[in-house]
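Data first, discussion second: the structure below is written as C-alpha cells.
Each reported figure results from applying straightforward, stated rules to the coordinates on display, with no laboratory input. Nothing here was measured: the structure is a model prediction, and the numbers come from that model. Neighbour counts are summed over all protein chains in view; Cβ atoms, including those assigned to glycine, are modelled from backbone coordinates with ideal geometry.
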Amino acid sequence: MAIEGPLEELSIQDVLQLLELAHKTGVLTVRSDRLNDEAIVHFSRGAIVFAVRRRSPRRLGQLLIRAGRLTQRELDRALELQRTDPTRRLAEILLEMGSITEEELERQLRFQMEETVYELMGWDEGYFRFEERAGIGQGRLLAQVRVESLLMEGARRIDEWTRLESKVPGPEAVPVLAPAAEREAAPLDLRTEEWEVLAEIDAHRDIRQIAADLGRSAFDVAKTIYGLVSTGVLQVQEQRSHVPEGKLREAMARAEQHLADGRVEEAQKLAAELETAYPEHAEIALLAGRALEAQRRMRAATEAYARAVGLDPLSTEGHFRLGFSAVRTGDLERGARAWDTYLRLMPDGDERKVVDEGLAALRVLTRVVESGAR
C-alpha cells in the first residue's frame, strides 16, 4: 500500500524519518506545482541509495569532469555505451571502463544525493507518494546515505539560510558585479574559493547553476556570495520567477524572434533564463547554443550544444551544431565524434552531404596535424 499526502500536513523531514525508522525499501516521489519540479528518492532498508531532482543542473558526468576525475572523451564514450543499453547506469559503465575509482565515484554520488535531499528539505508545499518496491537495493549499491545525518545537517542549513536571506534571498537569486562607482578602489584580497565564485559571475546564472558548474554545494556558494555582497563586490538581483510550463513555448518563440531580428543579446539572456528554469529541456539548450553562437561565443555555444545532446542523445540538430562549434574552437576530435554520431542518426538529406565532406576533410587535417607533431 502506498503512503501519500500533502507536505502541508506531513513535512518532508517527517516523511524521511518515518521511512528510515520503518526500514522501508521503495521509491519516494515528491512533486511541487509551485516550483514546477519533482524529486525521486530511492530507499533500501531505510537508507537513501539514489536521489535526483528533475530540474537539477547537477549531473554526475559533469561533476566528475569538474573534479578533474574524468575527461569529456571518457564521458562521451560512456554515454555512447549507455545509449546501446539504456538499462545500464552511467556510474557502473564508468567503473567498468576503469575511468574512475570506486572511492571517487562513491564520493560524488553521495554529494549528489545529499545536495538533492537538502534542497528537498526546503520544500514546504507539494505532494509526496511512497511505493514499496522489493527490487531496489538488490543490485550493487555504489553509495548510500543515512537519513539521520542528513536531517541534522539540513536543519543547520535551514537555520543559517535565515541569516543569509538578508543579502542572498535563496539559491535562485542571480549575483551580479556591483557598479564600479560603488566598489572600493583598493585591490581585492580574496580567498581562493571567493575568486573561484567571482570568476563564474555572468549576471545570467543563478546561485544553484553556478554551484553546479563549480561542482560545489549551493549552500556553500551562497555563503561565499553573502561575504562578497557584504564587502560591496557583488549585488544580488531579485529571485527570478520561473516561466510557467504553459508559457514556455511562448517564451521560446520570443527568443527565436529575437534571433531572427538580430537582437542576439536579448535572445541569449532569455535563453539563459529559460535554461536555468528548465535545465532538463534539450530544445532550450539548443536555443541557448544558437544565441551564444550568434554572439560568436563559440566555446560557450559548444558547451550548450553538448548539454543538448547529453539531454537528448538522438538530437540530430544537436550533434550537427556541436560538430561545427567544436571545430571552430579547434577541438577537432570532439567535432569529429559529434559529426560521426550525426551521420549515424541522419539517413539522408542535404546537410548529410555537407557533414560527410566536412568529416572527411577533418580526418585528413587530423592526420596531417598528428604526423607534423611527431
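Ranked by the mean number of other Cβ atoms within 10 Å per residue, highest first, peptides 267-276, 200-209, 27-36, 95-104 order as 267-276, 200-209, 27-36, 95-104.
Once you sort the root eigenvalues of the Cα gyration tensor of the range 165-237 as a ≥ b ≥ c, which label holds: rounded (a/c under 1.5), prolate (a/b larger than b/c) or oblate (the other case)? List each step's numbers first, then the result.
Details: a/c = 1.74, a/b = 1.39, b/c = 1.25.
In terms of gyration-tensor shape, prolate.
Could you work out the relative contact order of the chain? I mean the mean sequence separation of Cα pairs under 8 Å and 6+ apart, divided by the number of residues, in percent. Let's see the in-between values first.
Details: 507 pairs, mean separation 52.7, N = 374.
Once normalised by length, the contact order is 14 percent.
Taking amide H as placed 1.01 Å from N in the peptide plane, the amide H of residue 174 sits under 5 Å from that of 237, 240, each at least 5 places away or on another chain.
Report summary: the helix-based calculation at 222 nm, which adds -39500 (n - 2.57) for every DSSP H run with n ≥ 4 and divides by the residues of the chain, gives -17500 deg cm²/dmol. Here the peptides 41-51, 13-23 are ranked by packing, the mean other Cβ count within 10 Å, and the order with the highest first is 41-51, 13-23. For residue 132 and residue 67, the FRET efficiency from 1/(1 + (r/R0)^6), where r spans their Cβ atoms and R0 equals 30 Å, is about 0.30.
Report the full-extension gain for the segment residue 176 to residue 202: residue separation times 0.36 nm, less the Cα-Cα distance, to one decimal in nm. Display every interim value, and only then the final one.
On the way: separation 26, 0.36 × 26 = 9.36 nm, distance 0.68 nm.
Gain on extension, residue 176 to residue 202, equals 8.7 nm.
Does anything in the range 146-174 have its amide N under 17 Å from the 7 Å Cα→Cβ label point of residue 21, and if so which residues? The answer is 147-152, whose backbone nitrogens lie closer than 17 Å to the label point.
Indicate the helices, whole DSSP H runs only, in the chain that combine a mean Kyte-Doolittle hydropathy of 0.0 or more with a Cα extent along their long axis of 15 angstrom or more.
Correct list, ordered by number: 218-230, 282-294, 298-311, 350-373.
Quick check: from the Cα gyration tensor, does the chain come out rounded (a/c under 1.5), prolate or oblate? Don't jump to the answer; show the numbers that get you there.
Working: a/c = 1.69, a/b = 1.24, b/c = 1.36.
Cα axes put the chain in the oblate bin.
The modelled label-to-label distance for the pair residue 357/residue 231, using points 7 Å beyond Cα in the direction of Cβ, is 5.5 nm.
Annotation: extensible slack from residue 328 through residue 77 equals 88.2 nm (criterion: 0.36 nm per residue apart, minus Cα-Cα distance). Here r is the Cβ-Cβ distance between residue 366 and residue 299 and R0 is 22 Å; the resulting FRET efficiency, rounded to 0.05, is 0.65. For the range 265-367, the gyration tensor built on C-alpha atoms gives a prolate shape. Its axis ratio a/c (a ≥ b ≥ c) is at least 1.5, and a/b is the larger of a/b and b/c.
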